[in-house]
Amino acid sequence: MRLPEAHHWDAAARSESKSLMDNKTWILTALPNGLKALFCRWVFVVKYNGDGTIDRYKARLVIKVFNKNMELTTMRYFLRSSAFLRLLLTIAALLELVIHQIDVKTAFLNEYLDEEMYMEQPDGFTVRGKEHLVCKLLKRLYVSKREPSIWYLPLFAFLKTMKFCKLI
């Protein structure tokens with residue numbers, strides 16, 4: 001990377017990689033016969049403070065999945081989530097409530113997989129001497145445009161245990 005911010009992006013990727021390792025997101029293994037490893041790539045985003053100054057540089061390791069049906073599923077969950085968020089913000093505004101926001105680091109990465117998935121080792125983080133191995137995913141990894149739907153289901157199940165009910 002030859003950008004002026006390259007050192008920030010490198011630090012962000014290292015931090016994300018450490019989180020993935022600490023979270024035991026995958027193990028290195030040989031790819032079973034007949035299966036293909038998914039591609040992955042780094043996505044970089046600048047997070048800003050309320051006043052417009054840079055808060056931090058964020059890196060995400062994203063699996064590239066090519067599935068046309070995913071778009072329909074993603075849009076259904078996105079619309080449901082955005083309608084619910086608008087409703088909550090409207091109620092908060094009407095009642096003049098204070099709204100707090102939190103950023104859950106690796107929020108989408110805490111759910112175990114219910115399917116067998118393999119991906120290539122991430123660029124820049126290939127384990128020396130084990131370049132021939134792939135990552136067997138044990139937990140979910142970010143999947144382009146799909147992670148809100150992955151987060152929605154366990155969050156909804158948790159809220160039901162807390163006696164919340166579904167409005168929309």
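Things to note:
- Between Arg41 and His7, the simple label model (points 7 Å from Cα in the Cβ direction) yields a spacing of 2.8 nm.
- Arg56/Lys139 FRET efficiency (R0 25 Å; Cβ-Cβ; nearest 0.05): 0.60
- If the segment from Ile99 to Arg128 were pulled out straight at 0.36 nm per residue, it would be longer than the present Cα-Cα gap by 5.7 nm.
- Under Karplus coefficients 6.51, -1.76 and 1.60, residue-wise ³J(HN,Hα) of region 133-140 in Hz, glycine/proline x: 8, 10, 8, 8, 6, 9, 10, 5
FYI, it's all coordinate maths here, none of it is from the lab. Bear in mind that the values here come from a model prediction, so they are computed numbers and not experimental data. Methodologically, a virtual Cβ is constructed for each residue, glycine included, from the backbone with ideal geometry; neighbour enumeration extends over all protein chains shown.
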